[in-house]
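The values are calculated or read from the model by the stated rules, or taken from the named source; none is laboratory data. Because the structure is predicted, anything quoted here is derived from the model rather than measured. For neighbour counting, all protein chains shown are included, and Cβ atoms are generated from backbone atoms with ideal geometry for every residue, glycine included. When the accessible area is computed, the model is the full protein with side chains, heavy atoms only, and any ligands, DNA or RNA have been set aside. Shrake-Rupley method; radii C 1.70, N 1.55, O 1.52, S 1.80 Å.
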Amino acid sequence: QVQLVESGGGNVQPGGSLRLSCEISGSIFSVYPMGWYRQPPGKQRELVAGITSAGSASAIYADSVKGRFTISADNAKNTVYLQLNSLEPEDTATYYCNRALPWLIGSPGASSSWGQGTQVTVSS
């Protein structure tokens, strides 16, 4: 079973940036499409960005993060990234990577197995 390990979260001030990484234990081609989900405190997890094997041109984003977040993948390293720029307090959440199935922004994801996630806290 493929394992996913998220990292890169932290505490940042509004307007700051972070880069999240998702290391995949097997071949990334066995898990595409991939996505980043987030779960704010007390709210449901939702898909905010997704990418397919076709690369960046295939990426989809939630309206709330479009223009600020960028998803990318390094197939040689079996790693998916999420660049977070212009962070806002509303971006505070635990961020998870997983298969982007269904391929639908806002979906909580169909996978039964989730990693620990990485915490992003945006506060002044």
Legend entry - Single condition Asp63 does not satisfy, out of (1) of a type in the set (Asp, Glu); (2) more than 17 Å from Gly115 (Cα to Cα); (3) buried (at least 19 other Cβ atoms within 10 Å of the Cβ): (3)
Inset, instruction - Could you tell me whether any residue of the range 76-86 is over 15 Å from the mean Cα position of the chain (by Cα) and within 26 Å of Gln1 (Cβ to Cβ)? - result: yes
Legend entry - Test for Val2: is it of a type in the set (Val, Ile, Thr), out of contact with any Ser or Thr (no Cβ under 6 Å at 6 or more places or on another chain) and either outside any strand (DSSP E or B) or open to solvent by 20 Å² or more (accessible area, probe 1.4 Å) (or both): no
Legend entry - Evaluation of Gly50 against (1) within 9 Å of the chain's Cα centre (by Cα); (2) within 17 Å of Gln119 (Cβ to Cβ); (3) not charged (D, E, K, R) (one fails), failing number: (2)
Inset, instruction - Return the total of residues in the range 59-98 being polar (S, T, N, Q) and in contact with a Cys (Cβ under 8 Å, 6 or more places away or on another chain). - result: 1
Inset, instruction - Can you work out which of the residues in the range 66-120 that are open to solvent by 40 Å² or more (accessible area, probe 1.4 Å) and β-branched (Val, Ile, Thr) is nearest to Ile28 (Cα to Cα)? - result: Thr70
Legend entry - Identity of the residue in the range 13-47, at pLDDT below 95 and surrounded by 15 or more Cβ atoms within 10 Å (Cβ to Cβ), that ends up farthest from Leu101 (Cα to Cα): Ile28
Legend entry - Hits in the range 11-37 (condition: more than 23 Å from Gly106 (Cα to Cα) and in a strand (DSSP E or B)): Asn11, Val12
